[in-house]
1. Ignoring ligands, DNA and RNA, please state the percent of accessible area on the range B:74-166 from carbon and sulfur, probe 1.4 Å.
2. With a cut-off of 8 Å between alpha carbons and a minimum separation of six or more residues, what is the relative contact order of chain B in percent?
3. So which lysines pass the test for B:LYS160, namely a Cα distance under 21 Å, with those fewer than 8 places away in the same chain ruled out?
4. If contacts are Cα pairs under 8 angstrom and at least 6 residues apart, what is the relative contact order of chain A in percent?
5. Show me A:160-169, B:231-240, B:97-106, A:226-235 ranked by packing, highest mean number of other Cβ atoms within 10 Å first.
6. Probe radius 1.4 Å, ligands and nucleic acids left out: which of B:TRP87, A:TRP60 has the largest accessible area, and how do the rest follow?
7. Kindly tabulate the residues in the range B:15-31 with an accessible-area decrease of at least 30 Å² between the chain alone and the assembly of all protein chains, using a probe of 1.4 Å.
8. Under the definition of partner shielding as Cβ atoms of other protein chains within 10 Å of a residue Cβ, what is the mean value for peptide B:34-43?
Amino acid sequence: MTTTVGVESSTTPPPGLAPPQRRLPLANTIFCVVVVSFCIIPFLLVIAISFGEKIEGAAWRWSFDHSNYLRFFVGADWPDTRTTLYIRRLWFSFYYAIIASVLAVATAFPFAYVMSRQSRRSQTLWLVFLLSAVSLSEVFVVMGWDILLSNRSGLPMVFKETGLTDWLKTSGWFEVLREWGLANPRNVRFKPTDFATIVTMSYLVWPYAVILLYPALARIDNSMLEAARTMGAPPLTVLRTVVLPSVRLPVIGTTLILFVFLLGSYVAITVFAHPSRQTLAVSVYDSVRGATMNAPFGAAQAIVLLITAVLVLLIVWMIGRRTEALQ
Amino acid sequence: MKILKAGLQTLMMASAATMVALPIIVVCAAALNGGRSMLFPPQDPTLARFGEFFLTEPVWKNALMHSIFIAFASAAVAVLIAWPVAWWLWRYNSRWSKTMATITSMPFALPPIVFGVGLGFMWAFADLLGTIFAGIVSHALLLVALPVATISIGLQSIDKSHIDAAHTMGATEAVTLRTVILPLTLPYTVSGFFFTLILSFNEFIVMFFVSASAYSTVTLQIFNSLRNGFTPTMAVGAITFIAASILVFGLIARFGDLPGLMGADQARR
């Protein structure tokens, strides 16, 4: 492997360095083989085991049948009956992730824009704040929102104590909330609702959205904005004609990256989503380590999730190529 | 008009910051609860939960030790793997070095539950499932993309004239690497180390599949007790983790180039 190194070097290689030397090629090769196999073998194993066969008890054996995929798409008893349980779960993975990521990008955009126009020092302080928030484990984020949205403390209590619930009841809005599933007969409620799920998931990626949008926005040249302004463009026109066109592709790319990230979210779904409206990530977990103990079927579900993620990331990659080509 | 605009901007930034901070503040307050339930505002405020988390309850003490050990070890392994990958990418920029960089970024880019399930199978075949070693290597592989990214940014920021100067004075490639490139990229290497450390500290899905209930980290312990609900002792864990994140990223900001690491144009100050 190492012998091919350096042949195509064209742009970045620093001029001062001597031509590549072929020292320690063996050690390098071993290093590469080990690292690459550790990164790839887990994925290959999931693919291989997804074709496996469950045997009674908790075990499975190697095989090559596609009954796991059949079960995923049309159900185990097909063609007698057809169940869409797992397609529904895939749909819910999509549904929560796309709404939450669009919501996060839409609300993060103005924030990131203002932040990128501030001094280097305040940018750094904001970044410390955002990085601390984004690295926070999903379990802690869900813990916080659980307190904020649960019926015994948090928002429903605030609604009740401030008389907002009574006002809603007299004004008729309470019935609307009940229709939306956001209230029980006595008070508003947020658990379990899609609303709580999406808010929490959106919160999970919001700082990440700012961090991903920030470089594209920080690179917009201030002189361009000033030029547009001197020529008499009102702020909204500047936003529409200068800012948005130059960040269109990064915005789409960011949304898709957040989408892939949210496909794997687990805790927010189990705590906030209704059991009949849970996602593929939860079902993978249940099959592999949870109640059902069917590793091959869990692997097949994981592969569907993986293929979805890879397809979306390919779009991101193509967007990145186009952005580079445009610059 | 200008004042109004500035006011609106400040208001927006402040409300966004409040929204981000709100659940965190609520969790911190919930740690003070005297009872077993997570109430806000806290009932019978007490600091006893801190004692439980750090001193008396072995479950949490052990989990914290595992978290810290795995975070440091996996960050070190990740940096050791990342350095050659980033170096080859910068030095040769060949198709082969790009492939290496792409492959090492795959575990981080794809849903962690898939990688976690696969690692669970892999360690089971290697008969290493449930060992701390498997946990460390798994986290290092999952997060190696981060130090690769930071070290690459560091290498790109090196002024070419330094390397020219070293070469003119007769330094070999190895000497240049040791005396010029390594010291200049040290802040970026250290940043990569700590990014990995913090993310490993907070990660639990992959750890769930590779630890196989043989041991648990703090976040995994909370994840495992999810069905019984959250308790104030877990909130102490949250406070510990938030404090660690702020400390680490604050230090990176103080001694490193955080806007640069996040991809802002390096020339604009």
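The values are calculated or read from the model by the stated rules, or taken from the named source; none is laboratory data. Everything numeric here is computed off the predicted structure, so don't read it as measured data. Virtual Cβ from ideal backbone geometry, glycine too; neighbours counted across all protein chains shown. Calculation scope for accessible area: heavy atoms of the full protein, side chains included, ligands and nucleic acids excluded. Shrake-Rupley method; radii C 1.70, N 1.55, O 1.52, S 1.80 Å.
1. On the way: 1950 of 2900 Å².
It is 67 percent, rounded to a whole number.
2. Numbers: 305 pairs, mean separation 73.4, N = 269.
With pairs under 8 Å counted, the relative contact order is 27 percent.
3. none
4. On the way: 348 pairs, mean separation 81.4, N = 327.
It comes to 25 percent, rounded to a whole number.
5. Numbers: A:160-169: 13.7, B:231-240: 23.4, B:97-106: 17.8, A:226-235: 11.8.
With the highest mean Cβ count within 10 Å placed first, the list reads B:231-240, B:97-106, A:160-169, A:226-235.
6. Numbers: B:TRP87 30, A:TRP60 65 Å².
From most accessible down to least: A:TRP60, B:TRP87.
7. In the range B:15-31, residues shielded by partner chains: B:ALA16, B:ALA17, B:MET19, B:VAL20, B:PRO23, B:ILE24, B:VAL26, B:VAL27.
8. Details: counts 0, 0, 0, 4, 8, 6, 9, 2, 1, 1.
The mean count of partner-chain Cβ atoms within 10 Å per residue comes to 3.
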